[in-house]
Amino acid sequence: MLNYENQLSLGNIYQECVEIFEEQRPEFLKLMEKYLDINKYISYDFKKAFYADTGRPRGCSLYGYISALVLQKIFNIPTDTLLILILSFSADLRHFCGINKVPDNSKWTRFKQDFCSYLNKMFIELVDITEPICESIDPVLSKMISYDTSCIESFVTENNPKYSNACIRQLKSYYKSMGIKKSDNDIYMQAYKSMPITASSDSSIRKMYANGHFCYGRKFGIITNGLGIPRHIDFFDNDFKSKHKDFIFQDIDSPDYDKSLADNKSLQPILSDFYTLHPNFKHNDFLGDSAFDAVDSYEFLLHKDENGKSLFNRAFIPLNSRATTDKPDCPLNDDGIPICPKDKSLKMISNGICKGYRQTCY
């Protein structure tokens, strides 16, 4: 007869894993070997492509590459160089990965480049596998998803601080020679405008405002659930733009407007791709920043079809401060809707868009 008084819950197992991970790393690897079979998640097509005859044997197995990449994310190892160094000095990690000789840096780079599509497919399959686990951990947070955009900065000349400083010095010298007085803010803004839209070495690396500063990189959208676990990642590259013709990426002077435009316009294609890949998923709540505070976003997220079903039940989006007004004769209510200055219970009714001002008439 089973003793239900000593039965472990999922929360107890999770807490025990956290303590072992923090205090006993070799014991943590033993648990991974016992309960995690990485080979089970590697598809047959991936194995067939990796072990195809190339004329010379590969120095490391596919299991070794995948296991090492998994450990790189678990231990938060930022670079491949540091991963190679840690594997070289840790026999426990090499034993877990089944690696006798650690591949050099070039082999790691070629592996990621040659099998990028297979790694992406493997990630998509893992999302389906881990969804029931997320629901068992927290059924409420697992039914929430949030979406945001960011970028990966590239190693190009334009990201070197010396490049931007040279543009600023040239502008300062020009204005000084012409006898024109300009503030530092004006000079920095003019320097941003004068910098090229794309990097000279790669046209897919674009100038943008991300993570609180100007940089050159590749922009992407990421979907996470309420537990903070990534569910979908997609780059805004040429393949993405050709697939979604309605996606807009304008080159305009205002970095704030460019960011909000990209976030808002990428919401629908990203979510459409996500639910196309995972048709059985259903989430209740959407979390987003103020960049999604637009009529089109609310209509897409909360619009009910002919069957009375919508993509989400609720959407939590802060009001966009750029949509507010400081005019005393046009107050706004808590929902950001203009109201009558004489009777605050009366809401203004939309009457189209003002030509040339991109503002709504009431």
**Complete:** Checked against (1) part of a loop (DSSP other than H, G, I, E, B); (2) modelled with pLDDT under 90; (3) closer than 25 Å to Glu125 by Cβ; (4) of a type in the set (A, V, I, L, M, F, W, C), Phe249 satisfies every condition except (3)
**Prompt:** Would you say Ile180 is more than 26 Å from the chain's Cα centre (by Cα) and either under 16 Å from Tyr163 (Cβ atoms) or not acidic (Asp, Glu) (or both)?
**Reply:** yes
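Let's see how each residue does on (1) of a type in the set (A, V, I, L, M, F, W, C); (2) crowded, with 18+ Cβ neighbours inside 10 Å:
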{"residue": "Tyr51", "(1), (2)": "no, no"}
{"residue": "Arg58", "(1), (2)": "no, no"}
{"residue": "Thr81", "(1), (2)": "no, no"}
{"residue": "Ile86", "(1), (2)": "yes, no"}
{"residue": "Leu93", "(1), (2)": "yes, yes"}
**Request:** Could you tell me which residue of the stretch 293-317 is surrounded by the fewest Cβ atoms within 10 Å (Cβ to Cβ), considering only residues that are under 21 Å from the mean Cα position of the chain (by Cα) and at pLDDT 85 or above?
**Result:** Phe316
**Request:** Keeping to the stretch 228-242, report how many residues are under 15 Å from the mean Cα position of the chain (by Cα) and on the phi < 0 side of the Ramachandran plot.
**Result:** 10
**Message:** Among the residues in the stretch 48-69, are any in contact with a helix residue (DSSP H, G or I) (Cβ under 7 Å, 6 or more places away or on another chain), within 18 Å of Pro26 (Cβ to Cβ), of a type outside the set (S, T, N, Q) and assigned to a helix (DSSP H, G or I)?
**Reply:** yes
**Message:** Just the residues that are under 15 Å from Pro161 (Cα atoms) and either modelled with pLDDT under 75 or surrounded by 11 or more Cβ atoms within 10 Å (Cβ to Cβ) (or both), please, taken from the stretch 210-224.
**Reply:** Phe214, Cys215, Tyr216, Gly217
**Message:** Looking only at the stretch 260-292, how many residues end up being surrounded by 19 or more Cβ atoms within 10 Å (Cβ to Cβ) and part of a loop (DSSP other than H, G, I, E, B)?
**Reply:** 2
**Asked** Here are some residues: Cys151, Cys215, Cys167. Which one is more than 28 Å from Ser266 (Cβ to Cβ), in contact (Cβ under 8 Å) with a residue 24 or more places away in the chain and not aromatic (Phe, Trp, Tyr)?
**Response** Cys167
**Request:** Select from the stretch 212-230 the residues that are touching a strand residue (DSSP E or B) at 6+ places or on another chain (Cβ under 9 Å) and within 14 Å of Asn159 (Cα to Cα) and list them in ascending order.
**Result:** Phe214, Cys215, Tyr216, Gly217, Arg218
**Asked** Within the stretch 25-48, is there a residue that is on the phi < 0 side of the Ramachandran plot, buried (at least 16 other Cβ atoms within 10 Å of the Cβ), of a type in the set (Asp, Glu) and modelled with pLDDT of 80 or more?
**Response** no
**Message:** Based on this model, can you work out whether Lys182 counts as in contact (Cβ under 8 Å) with a residue 40 or more places away in the chain and among the basic types (Lys, Arg)?
**Reply:** no
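The values are calculated or read from the model by the stated rules, or taken from the named source; none is laboratory data. Bear in mind the structure is a predicted one, so any value in this text is a computation, not a measurement. Heads up, the Cβs are rebuilt from the backbone with ideal geometry, glycines too, and the neighbour counts pull from every protein chain shown.
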